[in-house]
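Contents: one structure, followed by commentary.
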Amino acid sequence: MRFILSVLLLALSAFALNETFVTPWIVWKNPEILIAFTDNVHSPINPDDFCRSLARTEPSLGKPECRLAGDWERDSLSGAYLHWLGMNVDARVESRHLAARSSQVAERLHKLDDRYLIILSEHHDTLWAMMFSGNRSFEQPRIVNEPAALVSIFPKPADAATFAEVIGLSWFAESPIRKLTDHEKEAAAVAPDPSYAATPAFDYWISMGTGWSQAAPPLTPNSWYKSRVKDHVVHYRSVKDSLSAWSFLDDKSQLFTLRGGFTWIGFVGIEAYATRTNYRVKIDPTDSLYRELDHWSFARYEMGLTAHITMQKKLNESFSLNPYAFLGFDYSFFVESIGLRPDFTASEQYKNRFQFESYYRGAIFGVGNRLTFKENYALDTRVGIASRGKSLDQTPSPDAAPSPTIIGGTTIDCFASVALEYHWIVH
Amino acid sequence: MGKVYLVSMNRWIVFLGLTFCFMGCSTAHWSDRHPLFPVGSALAETTMPDLGERWILVRGAWFAEQLKLSPAQVYDTLGEDVREIFAESVIQNLPTVRAIASTTIDSFAPTEAQKLDDHIFIKGRFPAQGQTLLTNGLAVSQLLLIHELTIGPDLSRENIYDYDKANQDTEGNHHKVKKLTAIATWTLWDNHKGHFLVSGISEVVVPYQGETGPELRKIIHDLIPALTAKIHCGIIGACP
């Protein structure tokens, strides 16, 4: 919008404004603008006219105050600098080539604080305008004894009002920000630098969350688990491949989780967790054998310990991000929930139904991100993959009889969860 | 088979060559040119303050031993010679340049740093902003300022002016002297507009063969041609 407007205005007024260099600055509401001239300016503009026209061009600026920087012209050092600038403005120079070298002039520029200093110079029919301001007017630290902008306007605007229109659209069109009061400036001067804030020694938390767990990790070939997911339990115990629990159980479930952990100096830490998921057993409902069955499902409880590495990225005063990666081990066991319909007695097959092992253990890893608010509250999101199985602790002897496959001996699923956390910070 | 091998070897040679070229070509800039420096012009109407006391001798005791001077006298005695050889070289190589008293620079602004590259800085005194140096009431168009002349055995400008490679001081390394070095930091200054035209660091190195006196004379004498070559390549815009 700003660009279109300035192009429109420049096209209408037939002024060519060339930016040699421009470093963006903060536009203040009710700005204080000082105007100085190099000694080759023949028709100095009137600051009052400039201000009135600027306020008309950019109404959002509020009440700009403009005055001549008389002290700049009277002081011999800054006067010499103005004289020097008049000789050295050129479309080929960089800002460093126009820097004030005298320490007294540099100090004067530092003292501008949130005021703007516009220095004007004339060369034949071209008007050169330079913008200076103190450190407070820039978001990034910079050398303030260099001009922040150098532009040339051709042909030279006839009066202060026209100049204000051209310069207002080009230099003051950003939405203005309220200036700090003297009291706020004092407070800002002694405020601690957040970059030097100490990292807490320990960050403890407890959290409660929910999520979703399923056998199939997204974006993986369906053929990996198709046979297991499509399998059914026949006669209460028979499946095609008993190695994975997903041959018996419907693999998708909502999960509920409780976690607690800590991070040491914002870098590494340990977390313990417990998760509950619930799975329906996959039976063929058309099989008359299952008519006696009212419900049959397994709740899986999983407990584990993970180690994580994390980093902190501060977004602003209140919010920070902690992306992390974790790796750990887990123990899980199934709790069966089964019931017969009233008026039915249990069949032989019911009595000899399949049984899971008493517990399984596996590995878990994943990545997550924690959005922390005010150090104490956080929203945690994580994704991961976990395995549950039975590993052989001893090498089986070659004489041993071939043992049947362990039911659920290799069960892998993935999960995604969100959790609310409460943190305690120990410095 | 042999041909294929040769072709692949050629590729390797080209690749390695390019790599070394990039490594070599991306070295530090030892001079800086102002964008307004008039391309194609030669040194014109230039004034040069004498060297004066702006020279430094590294390992003075070694020089004293070689030149059979007493360590207390080496700076005074050698100083006379250095100034004389330098002035002679200016007259020989830059006949149009007019010498003025070295004390002229006392009227300049206090010492400032001038940046040549991201980590290469020189220090010197320049006329203050808005100040034009007048000699006999007239302003010459250019000034050639020698900020510092450093003479010593086994020196290199990297170790003195490159802040990345500083603290590798060769003084105190009492190994056998292999070469003699003279390093000058200088600026060609636009006296009318009051800004630098070219600033640089030039060095002259000769292998040390035991003839301390003549070799010292040679490195100081050769500094001016080295420096002028740099100014001219600044004019052309392509410094090696």
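The table below lists the values:
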quantity: Cα gyration tensor category, rounded, prolate or oblate, for region A:259-418 with a/c compared to 1.5; calculated: oblate
quantity: Rel. contact order, % - alpha carbon contacts under 8 angstrom, at least six apart, region B:28-235; calculated: 27 percent
quantity: Within region A:233-339, trypsin sites (Lys or Arg not before Pro) in DSSP loop having at most 16 other beta-carbon neighbours inside 10 Å; calculated: A:Arg237, A:Lys240, A:Lys252
quantity: Fraction of accessible area attributable to carbon and sulfur, chain A (%, probe 1.4 Å); calculated: 59 percent
quantity: Minimum 10 Å² accessible area buried by the other protein chains, region A:54-100 residues, probe 1.4 Å, relative to alone; calculated: A:Ala80, A:Tyr81, A:His83, A:Trp84, A:Met87, A:Asn88, A:Asp90, A:Arg92, A:Val93, A:Arg96, A:His97
quantity: Helical contribution to [θ] at 222 nm, DSSP H n ≥ 4, -39,500 (n - 2.57), averaged over chain A, rounded to 500; calculated: -5000 deg cm²/dmol
quantity: Label-to-label distance, nm, for residues given as A:Ile177 and B:Lys165 (7 Å Cα→Cβ offset); calculated: 4.3 nm
quantity: Inter-label distance, nm, simple model (7 Å from Cα along the C-beta direction), A:Ser76/B:Gln209; calculated: 5.7 nm
quantity: Over 23 Å between alpha carbons, listed pairs B:Lys68/B:Lys179; A:Lys179/A:Lys314; A:Lys252/A:Lys313; A:Lys111/A:Lys185; calculated: A:Lys179/A:Lys314; A:Lys252/A:Lys313
quantity: Å² per residue, accessible surface of chain A at 1.4 Å; calculated: 54 Å²
quantity: Chain A: relative contact order in percent, alpha carbon pairs under 8 Å with at least 6 residues between; calculated: 14 percent
quantity: FRET E, pair A:Trp424, A:His110, Förster distance 45 Å, beta-carbon r, rounded to 0.05; calculated: 0.55
quantity: Buried accessible area, chains A and B (both chains, 1.4 Å probe, Å² to nearest 100); calculated: 1300 Å²
quantity: Whole-number Å³ per residue for the convex hull built on Cα positions in region B:28-235; calculated: 125 Å³
quantity: Buried on assembly, region B:114-129 (at least 40 Å² less accessible surface than by itself, 1.4 Å probe); calculated: B:Gln129
quantity: Cα-centred dipole magnitude for region A:2-181, charges only on beta-carbon of K, R (+1) and D, E (-1), debye, nearest 20; calculated: 440 debye
quantity: Gyration tensor verdict on region A:1-141 (Cα atoms; rounded if a/c is under 1.5, prolate if a/b is larger than b/c, oblate otherwise); calculated: rounded
quantity: Of B:Leu144, B:Ser202, A:Asn46, farthest towards positive along the dipole that unit charges on Lys, Arg, Asp, Glu beta carbons give the protein assembly as shown; calculated: B:Ser202
quantity: Over the protein assembly as shown, volume per residue of the alpha carbon convex hull, in Å³; calculated: 358 Å³
quantity: Burial of 40 Å² or greater, region B:184-224 residues [accessible area, probe 1.4 Å, versus chain by itself]; calculated: B:Lys193
quantity: Signed unit charges on C-beta, dipole axis of region A:202-426, positive-most listed residue A:Leu371, A:Ser288, A:Ile309; calculated: A:Leu371
quantity: Probe 1.4 Å - accessible area at B:Ser31, Å² to nearest ten; calculated: 20 Å²
quantity: Dipole of region A:2-181, positive direction: furthest Cα of A:Ser170, A:Trp84, A:His123, with charges on the beta-carbon; calculated: A:Ser170
quantity: Spin-label pair A:Ser318/B:Glu88, simplified geometry with 7 Å Cα→Cβ offset, distance in nm; calculated: 8.0 nm
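The values are calculated or read from the model by the stated rules, or taken from the named source; none is laboratory data. Here the structure is a predicted model, which is why all the values come from computation and not from measurement. Here the Cβ is made from the backbone with ideal geometry for all residues, glycine too, and neighbour counts use every protein chain on show. Quick note on the areas: whole protein, heavy atoms, side chains included, nothing else; ligands and nucleic acids left out. Shrake-Rupley method; radii C 1.70, N 1.55, O 1.52, S 1.80 Å.
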